[in-house]
1. What does the charge add up to near V186, with Lys and Arg as +1, Asp and Glu as -1, over the other residues with Cβ less than 10 Å from its Cβ?
2. Among V105, S189, A227, which residue has its Cα furthest toward the positive end of the charge dipole of segment 104-228, with +1 on Lys/Arg Cβ and -1 on Asp/Glu Cβ?
3. Determine the order of C164, C363 by accessible area, beginning with the largest, at a probe radius of 1.4 Å.
4. Nearest 20 debye, what's the magnitude of the dipole of the chain about its Cα centre given +1 on Lys and Arg Cβ and -1 on Asp and Glu Cβ?
5. Can you send over the carbon and sulfur percentage of the accessible area for segment 272-383, probe radius 1.4 Å, protein chains only?
6. Please state, as a whole number in µm²/s, the translational diffusion coefficient that the Stokes-Einstein equation yields for the chain at 25 °C and 0.890 mPa s, with Rh defined as the Kirkwood radius across alpha carbon pairs.
7. Mind listing the long-range amide H neighbours of V318? Cut-off is under 5 Å, sequence gap 5 or more, other chains count too, H placed in the peptide plane at 1.01 Å from N.
8. Binning at 10 Å from 0, report for segment 304-355 what percent of all alpha-carbon pair distances ends up in each bin.
Amino acid sequence: MAQTDPLLMIPGPTNLPPQVREALGRPGFYHRGDRMAALLERCSDGLRHLMDTSGDALILTASGTGAMEAAITSLLSPGDPVLAIEGGKFGERLREIAVAYRADVTSYVVEPGHAADPGQVRDLLSKQRFTAVVTTYNETSTGVMHPVEQIAAATREAGALMICDCVSCLGGVPVRADEWGIDAVVAGSQKCLMLPPGLAFVGAGERAWEAAERASMPNYYLDLRRARASARKGQTPWTPATALIAALGAALDIIDAEGLEAVFARHAAMAEATRAAVTAAGLELFAQEGFRSPTVTAVHSPVDSSDLVRYLRERHGVLISGGQGELKGRIFRIGHMGTVHFEQIERTVEALADGLTNLSFGCDAAAMLDAARQAATDAGAEVN
Ligand code: PLP
């Protein structure tokens, strides 16, 4: 990346690797030809690998929200009792979509910064029959990873379907759809997959397809049944974002070349480095210990985080995010997903130290960098 390009350390969209940019710039091609069929096959194989599923992995031209809506409307019916786990903005969005399509939604609201308690989920599932549980895995607005494996187990025991939003973590952390019992995995292009926004993915297993046969929520463009029927012919039902799909092939090749386990380890190490740096500055992490995200770190901000975000962008060309909704101004969030290596963490920490100091929160840049370097090294990452 040229030094003059803004460094995207927001929790998506993320930085584009050169191979992805090259793929985006290739000549146009026919979306119903052999080339597209081969590309779709390669991409859905790659997505299945990331989701660890033998089910279908469908590619939609939409943002991540489109995949959330596709999963809900293709698998459920109006009036279905749905348990929505809400620990932040994206959990809320799942609930809002289910409500918009007239599901009978019960919310389990989790305090922001905390993880959902699988025991409480189990309890709720034992008191009432639910058709589905909808939850976020990586809650981007708070930097929390919910214990989805345990939630999925409780959901399966209760005979409900599990729809899980993995938009900001698929490709950055293990998602074991078949093993854990996630019936529908929802994801998007602009996070760990290193692509621009515009593609959304749904992984759907056998139980999801059985549910889809009964489902009667209205939909059309986002109907997963149509998407599956077309995928079987090497196509998509509607004109897809061809350039983005070509770029998806390139992104999956990059992941394969590094190795998925190595990609996960790098994300974990960059998260450790980020946490160590902010902790060395005397700041407190927002997410509950034990449930901190490997792809986004949320931090209690000692200054108005909107000012900090602006300072880093204007003075350093480093983009981080503030808080959303009631957390606006109170937290800042650093995304470390996709292409992020230690070099980018270093640049971000330097900018952050300068920003905090300039906004009258004194901190020691050298100590922050040392802590980051040590944490990354301890986690087995290469540091320059
Ligand atoms: N879910 C999560 C966890 C997200 O982080 C996002 C986007 O940031 C979405 C859903 C929505 O995706 P999109 O903005 O691509 O519609």
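The values are calculated or read from the model by the stated rules, or taken from the named source; none is laboratory data. Model, not experiment: these values are computed from the prediction. For neighbour counting, all protein chains shown are included, and Cβ atoms are generated from backbone atoms with ideal geometry for every residue, glycine included. Side chains are part of the model used for accessible areas, which takes the heavy atoms of the whole protein and leaves out ligands, DNA and RNA. Shrake-Rupley method; radii C 1.70, N 1.55, O 1.52, S 1.80 Å.
1. With Lys, Arg at +1 and Asp, Glu at -1, the neighbours total -2.
2. Working it through, the farthest residue towards the positive pole turns out to be A227.
3. I get C363, C164, largest accessible area first.
4. My answer is approximately 1120 debye.
5. 43
6. The estimated diffusion coefficient comes to 116 µm²/s.
7. Counting only residues 5 or more places away or on other chains, the set is L7, R313.
8. Over segment 304-355, the share of Cα pairs per 10 Å bin runs 27, 53, 20, 0 percent.
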